Structures are given as C-alpha cells and as structure tokens.
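Let me begin by presenting the structure, written as structure tokens, before commenting on it.
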Amino acid sequence: PASSRYKIYIIDEAHMVTTQGFNALLKLVEEPPPHVRFIFATTEAEKVLPTIRSRTHNYTFRLIPARTLQAHLAQVCAAEGVAAEPAALALVARAGAGSARDSLSVLGQVISGSGPAGVTYAEAVAQLGLTDVALLDDAIDALAAHDGAGLFTVIDKVIDAGHDPRRFVTDLL
C-alpha cells in the first residue's frame, strides 16, 4: 500500500469463485504478505472451498432489528429536515427487512412520494402497499373469537380495498 498500513482485497460473492480460482488464491491466503488482508464476502459460506474456510475467520452478520433501523431512519430524517411519523418509520424499517441500505432506499422512495406534511403513516401504507393495521386488527380479533364469518368479512374488505391477498397474509403473519 502506498499510504496505509494494509492493502485490503474484498472478494464479493465469494461463493461464485470457482474451485480453480480458490486454488490459485490458496497460497496467498495461507501465507499472505504482512501488509495484505483478504475479505471474502458471501451469503453462502458453505460453497467456499473448505481449505479456504479453514484458514480464515468467519464473521456472520445479522439483520438489524427493526427498532434500531427505525431509530436510524428517524436520525436521517431529522438531519435532512424531513418530518416523519414514528409509525411510518416503523413501516419503512419493516419493509427494509433488516437491511440498512434497503431501509434507506425505501425511505427515499417514501419521502419522494410524500406531501408537505412529510412522511405520514397513511402515505407510507399507501406507497408501500401494506395492509392497514385496522384490517389486521380486525382479522386477529376474528381469529381470536373463532368468528369465521367476521374473518371472511375482513378478507372481503381487503380485496375491496385493492390490497394483494398474499401481502395481507404476509402482513398478518
């Protein structure tokens, strides 16, 4: 490296490297020069050559909890001067599915489609195509009361409102 302590090589999607490619890297990974570090990024570690895996450290990353994402999104909105309801940010965090990058992308989409009031719960529900919490509550109440007719009424409301039934079931779960 010209000015840093280490030269770092990041091999993204490492599970896509062929056996021949890993064999070519094996000597470097086993005995790297003191200034070289390798990072093998993959979502399928079991596909990485076992001899490479046995000579590396494995750090498994976890999804970010929704509450942590929601707090981060609130900080971003505050820094950018965008008004946002906490309930709307909770939906955005849920839509991001544990990924900060995806949550920020969804937030950008919701902000661009929001009105002068900023990011509201109603806007987020509409833009993300999520099921309104009132319908979810009605479905849960019908299930808890063993009220089949009431549940079918809720399902009719979901379909009449133009919601995707599969999305409704996902949101319900």
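The values are calculated or read from the model by the stated rules, or taken from the named source; none is laboratory data. Treat the numbers as computed from the prediction; the structure is a model and nothing was measured. Note: ideal-geometry Cβ built from the backbone for every residue, glycine included; neighbour counts use all protein chains shown. For accessibility, only protein heavy atoms count, side chains too; no ligands or nucleic acids. Shrake-Rupley method; radii C 1.70, N 1.55, O 1.52, S 1.80 Å.
Overview of results
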quantity: Verdict on residue 159 being in contact (Cβ under 8 Å) with a residue 12 or more places away in the chain, in a helix (DSSP H, G or I) and surrounded by fewer than 18 Cβ atoms within 10 Å (Cβ to Cβ); calculated: no
quantity: Set 130, 136: member being under 28 Å from residue 72 (Cβ atoms), at pLDDT below 90, outside any helix (DSSP H, G or I) and of a type outside the set (Gly, Ala, Ser); calculated: 130
quantity: Filter result for residue 142 (within 16 Å of residue 173 (Cα to Cα) and either in contact with a Gly (Cβ under 6 Å, 6 or more places away or on another chain) or in a strand (DSSP E or B) (or both)); calculated: yes
quantity: Scope the stretch 1-51; condition open to solvent by 70 Å² or more (accessible area, probe 1.4 Å) and among the aliphatic types (A, V, I, L, M); matching residues; calculated: 2, 8, 10, 16, 24, 28, 39
quantity: Residue tally, condition at pLDDT 90 or above, open to solvent by less than 30 Å² (accessible area, probe 1.4 Å) and in contact with a strand residue (DSSP E or B) (Cβ under 9 Å, 6 or more places away or on another chain), over the stretch 52-111; calculated: 7
quantity: Within the stretch 71-110, tally of residues that are of a type outside the set (A, V, I, L, M, F, W, C) and within 17 Å of residue 122 (Cα to Cα); calculated: 5
